[in-house]
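A quick write-up on the structure given underneath.
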Amino acid sequence: MSAALETRAEILKLARLLEVDPEQLEFLRAADASDLVALREQVTDSLYSQVGGPLQRLASAAKLVPGGLAAAVAQRAMGPVLCARLAGVVDPSKAIEVARHLPAPFLSDVAIHVDPRRAKTVIAKVPPAIVAQVGAELDQRDEFVTMGRFVGFVGDDAIRAALPEISDSGLLQIGFVMEGKERLDYMIGLIPPERLPLILHAAADLSLWPELLDLFTHVGPELKGTIGDLAACDEELLDSLARAAGEEDLWDGVLPLVPVLSDLGRRRIATMAARLDEPILLQVIGAVEANDMWSIFIPLAADYMDDDGRARIAALVATVDQQLILTLAEAVERDRLWAQLLQIAEQMRPDQLEPVADRLLSAGLEDRLPSLLAAVEETGLWETGLQMLASLPEGLKARLAPAAATLSEAERRVVLEHARELGLTDQLSAVLS
Amino acid sequence: MATDGVARLRAELDTEPPAALIVLLSDDDLGTLATLVKDAKESQSEALQRASDQALSHLPRLVRIAVARVLG
């Protein structure tokens with residue numbers, strides 16, 4: 001969840017606790033959500049400590065009253081807020097006995113005001129059928145924040161019973177605001193697989209991709225891959241995702257999914273990326289640079305785009321500023337991406353390759369020559385690799401000579417043979433002499 | 001007074017409010033928070049008293065006597 005959304009959810013919870021309109025707390029919108037959580041806990045403690053004695057006496061008195069009668073009193077005299085406070089102190093089995101006699105709308109009113117931390121013993125014992133009824137009611141009221149607070153305290157059986165009662169968009173929005181997101185992986189595992197595409201379509205329909213991408217950061221690689229593949233392999237979803245990512249610059253959330261996708265999913269993402277309008281593709285490359293995601297993007301382009309796609313990337317790389325190429329070069333050397341980079345550079349025209357080669361190789365030139373030649377040998381892209389070297393300014397070529405001198409005789413012979421075949425012997429003489 | 005709001009909030013919460021909020025919010029805003037907490041506590045207290053009184057009236061006589069004894 002974005003920081004703003006987390007803060008908004010916390011303001012809503014605090015407003016509920018104080019029984020005020022959330023707009024009255026608008027001055028908190030710049031606050032960090034974690035500070036509002038701390039404040040809400042302090043307010044909760046304060047409210048409970050103020051009425052601790054009377055609440056305890058009420059809880060003791062409740063033991064004397066049969067469940068049906070207590071339920072009637074709860075509705076007619078107590079009201080949902082006090083019942084919510086009582087839930088934290090009353091004997092759990094008594095609370096359940098009373099809850100069985102209360103209608104779902106009233107229990108939902110109570111749930112909105114309950115502090116789940118204080119009533120966790122009661123919550124864990126609520127029968128699944130009641131949880132399902134209350135879940136359905138809360139879903140109809142769009143009370144996702146309330147349900148999000150409870151998810152971590154409700155038993156698995158109750159969750160399973162409630163899942164069919166909650167809408168696809170409701171499940172999604174509960175996920176955004178739920179507390180204890182470390183359980184998210186497990187919770188999603190309880191959702192029948194056939195519902196996952198429906199939930200993704202709900203995200204697309206409600207323009208909730210930023211929130212969904214944020215949720216991905218809380219789930220493990222297997223689930224991330226499963227859901228990511230569902231999105232990547234559904235044309236409608238992928239179009240929606242690409243549109244949202246372009247409009248809201250969400251590429252730093254989309255690209256980290258790539259390593260956990262299947263081959264097909266990666267190919268679909270690569271195809272989508274290759275078709276993006278140039279300004280959006282530049283946005284992608286900007287996000288790659290800003291978040292150091294070259295080890296994701298370069299293999300995606302090299303291994304999963306077709307020639308046309310690689311040519312588009314190559315043409316764009318040829319136009320980006322020098323600093324970006326320097327960053328790219330560092331990442332390529334660090335992450336051993338020369339082979340993949342060569343596959344992209346293969347699509348460059350000589351006039352595009354020349355300035356890029358200069359920038360790619362100029363820093364750390366001596367170290368990069370062995371890496372480049374190893375990648376050339378691995379890929380067989382001798383023409384591209386040697387053209388890169390041949391297009392370097394003479395000064396740089398001279399600097400390469402000592403590094404080239406460290407090549408074994410066999411290696412030098414192979415390089416020279418290929419240079420001769422490609423008619424590049426003269427251009428590389430400063431290097432290989 | 002410049003720090004009246006934070007002092008009132010501290011008193012209502014009976015603890016030190018989150019430091020980041022004290023830095024972020026104006027003293028007026030902290031005072032507003034203090035007032036809202038105070039109002040919530042008063043409202044809760046009144047509701048509890050009212051509920052205790054009303055609850056008794058819904059109970060059969062014999063139960064009412066026992067419950068009233070517990071409530072004190």
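The values are calculated or read from the model by the stated rules, or taken from the named source; none is laboratory data. Remember, predicted model here, so these are calculated numbers, not experimental data. Cβ atoms come from the backbone with ideal geometry, glycine included; neighbour counts cover every protein chain shown. Ligands, DNA and RNA are stripped out before the accessible areas are found, and what is left, the full protein with its side chains, is counted by its heavy atoms. Shrake-Rupley method; radii C 1.70, N 1.55, O 1.52, S 1.80 Å.
When residues in segment A:6-18 are screened for being open to solvent by 70 Å² or more (accessible area, probe 1.4 Å) and among the hydrophobic types (A, V, I, L, M, F, W, C), 0 of them pass. Would you check if there is a residue in segment B:44-52 being touching a helix residue (DSSP H, G or I) at 6+ places or on another chain (Cβ under 7 Å) and within 22 Å of A:Ala33 (Cα to Cα)? So far as segment B:44-52 goes, no, none of its residues is touching a helix residue (DSSP H, G or I) at 6+ places or on another chain (Cβ under 7 Å) and within 22 Å of A:Ala33 (Cα to Cα). Would it be correct to say that A:Arg412 is under 39 Å from the mean Cα position of the chain (by Cα) and charged (D, E, K, R)? No: the conditions fail for A:Arg412.
I'm trying to understand the selection: among the residues of segment A:378-400, which are crowded, with 16+ Cβ neighbours inside 10 Å and under 37 Å from the mean Cα position of the chain (by Cα)? Matches in segment A:378-400: A:Thr379, A:Leu381, A:Thr384, A:Gly385.
In this structure, B:Arg64 qualifies as more than 7 Å from every other protein chain (Cβ to nearest Cβ), more than 24 Å from A:Arg40 (Cα to Cα) and in contact with a helix residue (DSSP H, G or I) (Cβ under 6 Å, 6 or more places away or on another chain). When each of A:Leu396, A:Leu372 is tested for being more than 24 Å from A:Met293 (Cα to Cα), aliphatic (A, V, I, L, M) and touching a residue at least 24 places away in the same chain (Cβ under 8 Å), the lone residue that passes is A:Leu396. Consider B:Glu46 carefully, then state whether it is exposed (fewer than 12 other Cβ atoms within 10 Å of the Cβ) and either of a type in the set (S, T, N, Q) or in a loop (DSSP other than H, G, I, E, B) (or both). The answer is no for B:Glu46. When the test is whether a residue is touching a residue at least 24 places away in the same chain (Cβ under 8 Å), more than 14 Å from every other protein chain (Cβ to nearest Cβ), farther than 22 Å from A:Glu41 by Cα and within 36 Å of the chain's Cα centre (by Cα), A:Leu102 does not pass it. If the condition is being open to solvent by 40 Å² or more (accessible area, probe 1.4 Å) and either under 13 Å from the mean Cα position of the chain (by Cα) or not charged (D, E, K, R) (or both), then segment A:215-238 contributes A:Thr217, A:His218, A:Pro221, A:Lys224, A:Thr226, A:Leu230, A:Cys233. Of all the listed residues (A:Gly309, A:Gly253, A:Gly265), the sole one being touching a residue at least 12 places away in the same chain (Cβ under 8 Å), in contact with a Pro (Cβ under 8 Å, 6 or more places away or on another chain) and farther than 28 Å from A:Asp367 by Cβ is A:Gly253.
If you check A:Gly67, A:Gly79, A:Gly52 for being at pLDDT below 95, of a type outside the set (S, T, N, Q), out of contact with any helix residue (DSSP H, G or I) (no Cβ under 6 Å at 6 or more places or on another chain) and open to solvent by less than 20 Å² (accessible area, probe 1.4 Å), only one passes: A:Gly79. Scanning segment B:1-26 for residues that are open to solvent by less than 40 Å² (accessible area, probe 1.4 Å) and more than 7 Å from chain A (Cβ to nearest Cβ) returns B:Gly5, B:Val6, B:Leu9. When every residue of segment A:19-30 is checked against the conditions, at least one turns out to be at pLDDT 90 or above and buried (at least 22 other Cβ atoms within 10 Å of the Cβ). B:Lys41 fulfils the conditions (1) more than 9 Å from chain A (Cβ to nearest Cβ); (2) open to solvent by less than 40 Å² (accessible area, probe 1.4 Å) except for a single criterion, (1). Taking (1) within 9 Å of chain A (Cβ to nearest Cβ); (2) open to solvent by less than 30 Å² (accessible area, probe 1.4 Å); (3) part of a helix (DSSP H, G or I) in turn, B:Gly31 satisfies each apart from (1).
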